[in-house]
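Asker: Please read through the structure below; I'll follow up with questions.
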Amino acid sequence: MGIALTGLFGSTIGMTATAASASPKPAFTTVASGFDNPRGIAIGDDGRLYVAEAGRGGATCVPGGPGGGNTCVGLTSGVSVISEHGAHHRVVSGLLSISDTGGVFATGADGLSRTDEGGLSTVMTSCPQQLDQIPPGKFPAPLVAAAKAQAGQVIKIKREGKFETTAGVGKFDWNWSLTHKNLVPGQFPDCNPYGILASEHGSWVVDAATNTLDRVSSHGKIKIVVFFPNPPSSDAVPTCLDRGPDGALYVGELTGGGNKPGASVVWRVDTREEHPTPTVWATGLTAVTGCGFADGKFYATEFSTLGLDNAAPGTGAVVSVRAHSTTPTVVASGLSFPNGFAARGNTLYVSNWSVAPAVIPAGAPPFLRPGEVVRIQTHDQDDD
């Protein structure tokens with residue numbers, strides 16, 4: 001996809017302006033609004049919600065974005081915290097953001113994870129090799145240098161509002177895919193680290209472009225543990241992961257363009273094995289962007305139940321998934337391009353309007369709304 005990857009969905013999605021007429025009444029409440037492309041969510045040790053914002057790109061753009069658009073590079077991504085009554089502010093700013101004009105479909109800080117010890121980590125979009133494709137002189141040299149230093153990095157958030165780059169997963173994955181072009185012909189080499197599960201002893205990262213699960217040690221050493229097989233069309237596009245009650249990792253996938261609704265699966269990877277192999281744990285999902293466990297149950301956010309190619313506002317959902325199931329159970333519907341997932345007990349939190357900036361630019365699709373975080377209560381849902 002090269003530098004034209006200004007959004008995980010931007011190069012394949014064909015958003016329509018009409019929501020599905022049969023959508024039930026949404027079962028969610030808006031917690032906070034006004035985010036720039038909100039993605040991953042984590043609950044801090046202080047009980048507050050933290051949100052990775054992919055930003056809104058930058059003021060300077062070059063031709064060559066998805067669908068004939070532009071690629072705009074800036075340092076507008078970051079991580080925010082939600083305080084009382086829906087107020088929120090950045091705890092870290094100045095992170096890489098790549099978008100189309102006006103900040104729609106940005107990528108930047110995408111995944112977000114909290115360790116058991118309370119530390120926060122995010123993972124950045126792209127990789128230096130993609131940014132090398134920017135025509136020389138189109139962006140200020142300091143911006144390009146800062147962007148390359150952050151692209152594809154696992155980033156540890158410091159409590160004083162600063163951050164530290166710890167592992168160049170994107171660079172590593174690009175180089176790996178360069179020597180494995182046969183796995184996804186026509187798309188490799190590529191890179192887009194997207195989901196992260198952090199601990200004090202290292203991190204697990206899924207790369208939505210190389211379709212891999214990467215192990216990152218506490219010293220920054222990177223190893224590709226699993227390659228996820230291709231679906232009927234395009235590639236797997238893993239986007240999220242969580243540790244299950246049985247100790248294995250569970251990975252949800254978006255799947256690339258051309259796949260019909262129901263083509264996404266949940267993979268189980270037992271990382272305690274010396275050479276783990278991904279096995280299909282559940283099927284029948286559609287365009288998964290976020291996932292995780294809550295009270296022993298696995299949940300996933302579906303970007304659109306119509307599939308990636310026909311995504312429309314009001315067609316996103318949160319579903320509950322049983323082991324070996326072929327059809328997930330809808331917990332909440334009527335969402336619009338949902339993404340990140342976090343849970344506390346029976347309360348689920350999801351980023352909604354995840355492809356939109358806080359201020360909708362002129363010329364954007366008229367149905368777009370600013371990025372937000374919503375709350376879903378599951379105690380009165382029949383998800384058993």
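Asker: Can you tell me which of 158, 148 is crowded, with 16+ Cβ neighbours inside 10 Å, out of contact with any His (no Cβ under 7 Å at 6 or more places or on another chain) and either farther than 20 Å from residue 241 by Cβ or among the aromatic types (Phe, Trp, Tyr) (or both)?
Answerer: Working: 158 fails: crowded, with 16+ Cβ neighbours inside 10 Å.
148 is the lone residue from the list that is crowded, with 16+ Cβ neighbours inside 10 Å, out of contact with any His (no Cβ under 7 Å at 6 or more places or on another chain) and either farther than 20 Å from residue 241 by Cβ or among the aromatic types (Phe, Trp, Tyr) (or both).
Asker: Given 305, 255, 277, which one is in contact with a helix residue (DSSP H, G or I) (Cβ under 9 Å, 6 or more places away or on another chain), at pLDDT 95 or above and part of a loop (DSSP other than H, G, I, E, B)?
Answerer: Values: 305 fails: in contact with a helix residue (DSSP H, G or I) (Cβ under 9 Å, 6 or more places away or on another chain); 277 fails: in contact with a helix residue (DSSP H, G or I) (Cβ under 9 Å, 6 or more places away or on another chain).
Exactly one residue qualifies, and that residue is 255.
Asker: Can you tell me which residues in segment 130-157 are over 18 Å from the mean Cα position of the chain (by Cα) and closer than 28 Å to residue 213 by Cβ?
Answerer: 130, 131, 132, 133, 147, 148, 149
Asker: Give segment 243-257 a look and list any residue that's on the phi < 0 side of the Ramachandran plot and either surrounded by fewer than 18 Cβ atoms within 10 Å (Cβ to Cβ) or of a type in the set (Gly, Ala, Ser) (or both), or say none.
Answerer: The answer is 243, 244, 245, 246, 248, 252, 256, 257.
Asker: Determine if segment 338-358 includes at least one residue that is over 27 Å from residue 228 (Cα atoms) and β-branched (Val, Ile, Thr).
Answerer: yes
Asker: Let me ask something additional. Taking the residues in segment 191-233 that are over 16 Å from the mean Cα position of the chain (by Cα) and among the charged types (D, E, K, R) as candidates, determine which candidate is surrounded by the most Cβ atoms within 10 Å (Cβ to Cβ).
Answerer: 215
Asker: Being more than 15 Å from residue 245 (Cβ to Cβ) and under 15 Å from the mean Cα position of the chain (by Cα) is the filter here; which residues of segment 287-310 pass it?
Answerer: 287, 288, 289, 290, 300, 301, 302, 303, 304, 308
Asker: Okay, moving on. Between 113, 93, 126, 121, which is in contact (Cβ under 8 Å) with a residue 12 or more places away in the chain and more than 23 Å from residue 44 (Cα to Cα)?
Answerer: 126 is the lone residue from the list that is in contact (Cβ under 8 Å) with a residue 12 or more places away in the chain and more than 23 Å from residue 44 (Cα to Cα).
Asker: Working only within segment 210-228, note down all residues that are over 19 Å from residue 112 (Cβ atoms) and of a type in the set (A, V, I, L, M, F, W, C).
Answerer: Hits for segment 210-228 are 222, 224, 225, 226, 227, 228.
Asker: Within segment 325-384, restricting attention to residues that are part of a loop (DSSP other than H, G, I, E, B), of a type in the set (Ser, Thr, Tyr) and surrounded by 24 or more Cβ atoms within 10 Å (Cβ to Cβ), which residue is nearest to the chain's Cα centre (by Cα)?
Answerer: Ranking the qualifying residues of segment 325-384, first place goes to 354.
Asker: Now for a different question. Mind checking whether some residue in segment 227-250 is assigned to a loop (DSSP other than H, G, I, E, B), hydroxyl-bearing (Ser, Thr, Tyr) and without any contact (Cβ under 8 Å) to a residue 24 or more places away in the chain? Lay out the reasoning, then the answer.
Answerer: Of segment 227-250, the ones assigned to a loop (DSSP other than H, G, I, E, B) are 228-237, 244-248.
Restricting the remaining residues to those that are hydroxyl-bearing (Ser, Thr, Tyr) gives 233-234.
So of that shortlist, the ones also without any contact (Cβ under 8 Å) to a residue 24 or more places away in the chain come out as none.
Taking every residue of segment 227-250 in turn, none turns out to be assigned to a loop (DSSP other than H, G, I, E, B), hydroxyl-bearing (Ser, Thr, Tyr) and without any contact (Cβ under 8 Å) to a residue 24 or more places away in the chain.
Asker: While we're looking at this one, here's another question. Within segment 181-190, track down each residue that is touching a residue at least 40 places away in the same chain (Cβ under 8 Å) and surrounded by fewer than 24 Cβ atoms within 10 Å (Cβ to Cβ).
Answerer: Those that are touching a residue at least 40 places away in the same chain (Cβ under 8 Å) and surrounded by fewer than 24 Cβ atoms within 10 Å (Cβ to Cβ): 183, 184, 187, 189.
Rundown of residues vs (1) modelled with pLDDT of 95 or more; (2) closer than 26 Å to residue 240 by Cβ; (3) surrounded by 18 or more Cβ atoms within 10 Å (Cβ to Cβ), yes/no style:
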site	(1), (2), (3)
76	yes, yes, yes
105	no, yes, yes
110	yes, yes, yes
122	yes, yes, yes
133	no, no, no
153	yes, yes, yes
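Asker: Right, something else. Please state which one of 16, 115 is β-branched (Val, Ile, Thr), over 23 Å from residue 149 (Cβ atoms), touching a Ser or Thr at 6+ places or on another chain (Cβ under 6 Å) and modelled with pLDDT under 95.
Answerer: Numbers: 16 fails: touching a Ser or Thr at 6+ places or on another chain (Cβ under 6 Å).
Residue meeting the stated conditions: 115.
Asker: Given the structure, is residue 237 surrounded by 17 or more Cβ atoms within 10 Å (Cβ to Cβ) and at negative phi?
Answerer: no
Asker: Right, here's the next one. So if I check each of 293, 303, which one is surrounded by 24 or more Cβ atoms within 10 Å (Cβ to Cβ), within 22 Å of residue 110 (Cα to Cα) and of a type in the set (Phe, Trp, Tyr)?
Answerer: Answer to the selection: 303.
The values are calculated or read from the model by the stated rules, or taken from the named source; none is laboratory data. Not measured: the values here are computed from a predicted model. A quick note on method: Cβ atoms are made from the backbone with ideal geometry, for glycine too, and the neighbour counts reach across all protein chains shown.
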